[in-house]
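See structure below.
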Amino acid sequence: DSRENIFFANNRIKKATFHFSDGSQATATFADRRGFQTFALPRPVRTQWVQMSINEVYAGSRYRDTCLSELQVWGELP
């Protein structure tokens with residue numbers, strides 16, 4: 001499948017840290033596979049924004065860019 005080849009040609013996110021407006025942060029490790037992946041926070045966070053920093057990647061076979069197709073942040077209203 002050509003999409004599979006393109007996926008592995010680019011860097012993929014292995015580890016990322018999520019920073020929150022309250023000063024807390026959480027680190028997540030992702031599998032080297034295509035598809036939707038999730039992680040749960042260790043405790044609830046009350047925040048106004050989320051910033052993601054990429055800490056580590058799985059190296060691409062051809063390109064050095066890192067691709068991310070979608071990021072969803074789910075939460076509850078107080």
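The values are calculated or read from the model by the stated rules, or taken from the named source; none is laboratory data. Every value quoted in this text rests on a predicted model; they were computed, and no experiment measured them. Note that each Cβ is placed from the backbone with ideal geometry, even for glycine, and that neighbours are counted across all protein chains shown. Surface areas here come from the heavy atoms of the whole protein model, side chains and all, with no ligands, DNA or RNA. Shrake-Rupley method; radii C 1.70, N 1.55, O 1.52, S 1.80 Å.
Couple of notes before you dig in:
- Residue-level check: of (1) modelled with pLDDT under 90; (2) open to solvent by less than 100 Å² (accessible area, probe 1.4 Å); (3) among the polar types (S, T, N, Q), Asn5 misses just (2).
- Members of the range 19-41 found to be in a strand (DSSP E or B), among the polar types (S, T, N, Q) and under 10 Å from the mean Cα position of the chain (by Cα), listed by number: Thr27, Thr29
- Subset of the range 22-70 [surrounded by 10 or more Cβ atoms within 10 Å (Cβ to Cβ) and among the aliphatic types (A, V, I, L, M)]: Ala26, Ala28, Ala31, Leu41, Val45, Val50, Met52, Ile54, Val57, Ala59, Leu68
- Qualifying residue in the range 42-51 (condition: within 19 Å of Arg12 (Cα to Cα) and assigned to a loop (DSSP other than H, G, I, E, B)): no
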